[in-house]
Amino acid sequence: MYPEYILTLSCLDHRGIVLRVSGFLAEHGCNIIDSAQFGDPESKLFFMRVHFALEDDAMSDELLRAGFGSLCQDLGAQGALHDAKRKPRVLIMVSKIGHCLNDLLFRYRSGLLPVEIPAIVSNHMDFYQLAASYNIPFHHLPLEAGASESAKLAQEARIIELLDTHRIDLVVLARYMQILSPGLCDALKGRAINIHHSFLPSFKGARPYAQAHKRGVKLIGATAHFVTGDLDEGPIIEQDVERVGHAMSVDQLTAIGRDVESVVLARAVKWFVEHRILLNGDKTVVFS
């Protein structure tokens, strides 16, 4: 019945932050639904996420946001106030391997992932029919093997245009097999998520599961992380593993690995759109 919000903030840790935030919410007619906080003894930073309802009909959204801005200024905090009912807008990028895309689209259609997906981008045509089955526009932005730097930047310019046109909140690289330029990585800082098998850096290059099979690994897994200019080294959001055995074939390892990739990526996306992830330098705080 009441509008709901999610408040996130981070600042230098000191006494009284929780009191200040809870007092601010009480003074502005808000009722806390759930709250989580974490003080990092290494970075000396404090992180907080509060889900609350605005129960005072006399308190407007504008006044609430203005008051929160003043609170953040007083605390020296980086903060954000999100409409809990708004579905973030997600652009998915994919190449020729579609298990993560398929999983995200199913969760989206089933209502398990509270997002809007206004566009899918690919450098190949393999999944245009899948996109059409969900009534999602598919944008084929080809990039030839060995393409020049100018060709790559021209393709990325079209991606940036789509980001602006569709007011994208999050980019998901669902096995998009192209390296983003440093400029695009910087533009997407904190709002682009990638998925890869957790064999990196041990098994680089083509056919990582075949390499793992050859070495007789006993655990395989996946890592979801924020995209940065350092390839596959961005702040980690989620990881998981599955145990495997000597009797399994490369195809069996690959199937298990792809299942893990899909689940890990879906968790990371869900936590992002629920505003549960806060950056802590090269790490993340995840209020899962």
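Go through (1) assigned to a strand (DSSP E or B); (2) closer than 20 Å to SER95 by Cα; (3) open to solvent by 60 Å² or more (accessible area, probe 1.4 Å) one by one and return the number of the condition VAL172 breaks.
Of the numbered conditions (1) assigned to a strand (DSSP E or B); (2) closer than 20 Å to SER95 by Cα; (3) open to solvent by 60 Å² or more (accessible area, probe 1.4 Å), the odd one out for VAL172 is (3).
Per-residue answers, yes or no, for (1) within 30 Å of ALA174 (Cβ to Cβ); (2) surrounded by fewer than 16 Cβ atoms within 10 Å (Cβ to Cβ); (3) without any contact (Cβ under 8 Å) to a residue 40 or more places away in the chain:
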| site | (1), (2), (3) |
| --- | --- |
| ILE32 | no, yes, yes |
| GLY39 | no, yes, yes |
| PHE46 | no, no, yes |
| ALA53 | no, no, no |
| ASP57 | no, yes, yes |
| LEU75 | no, no, no |
| GLN78 | yes, yes, no |
| ASP83 | yes, yes, no |
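Please go through (1) open to solvent by 20 Å² or more (accessible area, probe 1.4 Å); (2) over 18 Å from TRP271 (Cα atoms); (3) assigned to a helix (DSSP H, G or I) for ARG167 and return the number of the only condition it doesn't satisfy.
(3)
Answer yes or no as to whether LEU81 is assigned to a helix (DSSP H, G or I) and of a type outside the set (Phe, Trp, Tyr).
In short, no.
Just checking, which of ALA247, ALA255 is assigned to a loop (DSSP other than H, G, I, E, B) and either among the aliphatic types (A, V, I, L, M) or within 12 Å of the chain's Cα centre (by Cα) (or both)?
Result of the check over ALA247, ALA255: ALA247.
Residues in region 186-222 that are of a type in the set (S, T, N, Q), at pLDDT below 95 and either closer than 27 Å to ALA157 by Cα or in a strand (DSSP E or B) (or both): how many?
0
Return the total of residues in region 203-221 being aliphatic (A, V, I, L, M), open to solvent by less than 80 Å² (accessible area, probe 1.4 Å) and closer than 20 Å to ILE236 by Cα.
Result for region 203-221: 1.
Could you list, in sequence order, the residues of region 222-238 that are open to solvent by less than 30 Å² (accessible area, probe 1.4 Å) and of a type in the set (A, V, I, L, M, F, W, C)?
ALA222, ALA224, PHE226, VAL227, ILE237, listed by residue number.
The values are calculated or read from the model by the stated rules, or taken from the named source; none is laboratory data. Being a predicted model, the structure only gives us computed values, none of them experimental. Methodologically, a virtual Cβ is constructed for each residue, glycine included, from the backbone with ideal geometry; neighbour enumeration extends over all protein chains shown. For accessibility, only protein heavy atoms count, side chains too; no ligands or nucleic acids. Shrake-Rupley method; radii C 1.70, N 1.55, O 1.52, S 1.80 Å.
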